[in-house]
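These notes concern the structure reproduced below.
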Amino acid sequence: MILTHSSDKTNRREIIVNRLSGLNEYDFSEAHRHNYFEFFCFINGGGNHFVDFKKFPIQSFSIHIVGSGQVHQVNRELDSNGFVYLFEFDAVNGPSEIMEFLFDHVCYDVDEVSPVYTIDKKDQESFVMLTEMIWEAHSSSGSLKNLTIQNAIQSLCIQCMDSDQERGDKRKSEYAAFRKLLFKEFRTIKKVKDFSYHLNITEKALNEIVKAQTGKSTSQVIYNQIILEAKRLLQTGMSAKEVAYDLNFDDPGHFSKFFKSKTGCSPSEFRNVHA
């Protein structure tokens, strides 16, 4: 069963700062999810990080962003180290470009928007300085403590954005509008024609836009979003019937058939494999 972690401090819009040195509570033996962001800064790498059932190596000088609702599991090696920052989306309070960048990690799946950013060699010194600045501010009691941490995390986001200019172009596209609508409405809207209606474009145009960006049909992308959330919910301990109703399937049997047709296994088989 996947646990869902919450925090009173992040609910108060605080940014929580923790150092990763020896193995600690962030190295869970089981996958889990949060209702807030986790922003990992690895100075020395080693080990693997599983995000939404996909494995990502933990490399030195890298940032791993886990969005609210995503399932993840950290398996660090003993000599890896760095920091992790926990915060609600609004706590960063950055300009629109940074907030859209963070939202991408909730809106898109990890195959489209990787949670991992490797810091260029020319930026590694400033990367380390920013993490040290956050730690020093966190350890202080100065009146500008929170603002310093907030601004430094915004700078780390800019380093990530700078390393992936191509994604910035995608964010401005019609495809981005579709993905945002899908993220918000996939429980209630499941047909291509309904998405095209809400986006005020034809079904043909929407299919061409999605195909150009992903190589997949619009239906495939819609189904993938539903399946991903189904996998997450199944691992929280919900039954197939409960997941079916959460995702607005009228008939649990229909949901089970749908899930098996897309994954090759039944909901209960998937849960047993990932328990």
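The values are calculated or read from the model by the stated rules, or taken from the named source; none is laboratory data. Owing to the predicted nature of the structure, the values given are computational and were not obtained by experimental measurement. So basically every Cβ, Gly included, is an ideal-geometry build from the backbone, and we count neighbours across all protein chains shown.
Structure summary
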quantity	calculated
Check on S196, at pLDDT 95 or above, outside any loop (DSSP other than H, G, I, E, B) and surrounded by 14 or more Cβ atoms within 10 Å (Cβ to Cβ)	yes
Count - residues of the stretch 199-233 that are in a helix (DSSP H, G or I) and either farther than 20 Å from C107 by Cα or in the same structural domain as Q70 (by TED's automatic domain parsing) (or both)	4
Test: residue in the stretch 101-121 that is part of a helix (DSSP H, G or I) and over 24 Å from F50 (Cα atoms)	yes
Search result, residues across the stretch 178-189 that are surrounded by 18 or more Cβ atoms within 10 Å (Cβ to Cβ) and in a loop (DSSP other than H, G, I, E, B)	F186
Breaking point among (1) among the hydroxyl-bearing types (S, T, Y); (2) closer than 22 Å to G264 by Cβ; (3) modelled with pLDDT of 95 or more, for T202	(2)
Members of the stretch 199-235 that are among the small types (G, A, S) and surrounded by 17 or more Cβ atoms within 10 Å (Cβ to Cβ)	A230
Where M238 falls short, out of the listed (1) more than 20 Å from the chain's Cα centre (by Cα); (2) modelled with pLDDT of 95 or more	(2)
Qualifying positions in the stretch 218-239 - over 23 Å from F50 (Cβ atoms) and touching a residue at least 12 places away in the same chain (Cβ under 8 Å)	T218, S219, I222
Conditions (1) within 16 Å of F39 (Cβ to Cβ); (2) of a type in the set (G, A, S); (3) at pLDDT below 95; number of the one not met by S155	(3)
Test: residue in the stretch 188-208 that is of a type in the set (D, E, K, R), touching a Ser or Thr at 6+ places or on another chain (Cβ under 7 Å) and under 30 Å from T118 (Cβ atoms)	no
Residue that is farthest from F42 (Cα to Cα) [pool: residues in the stretch 110-126 that are buried (at least 19 other Cβ atoms within 10 Å of the Cβ) and of a type outside the set (A, V, I, L, M)]	P115
Residue count for the stretch 246-268, restricted to those that are surrounded by fewer than 14 Cβ atoms within 10 Å (Cβ to Cβ) and either touching a residue at least 24 places away in the same chain (Cβ under 8 Å) or not hydrophobic (A, V, I, L, M, F, W, C) (or both)	9
Condition check for V74: out of contact with any Cys (no Cβ under 8 Å at 6 or more places or on another chain), buried (at least 19 other Cβ atoms within 10 Å of the Cβ) and either assigned by TED's automatic domain parsing to the domain that holds I43 or assigned to a helix (DSSP H, G or I) (or both)	yes
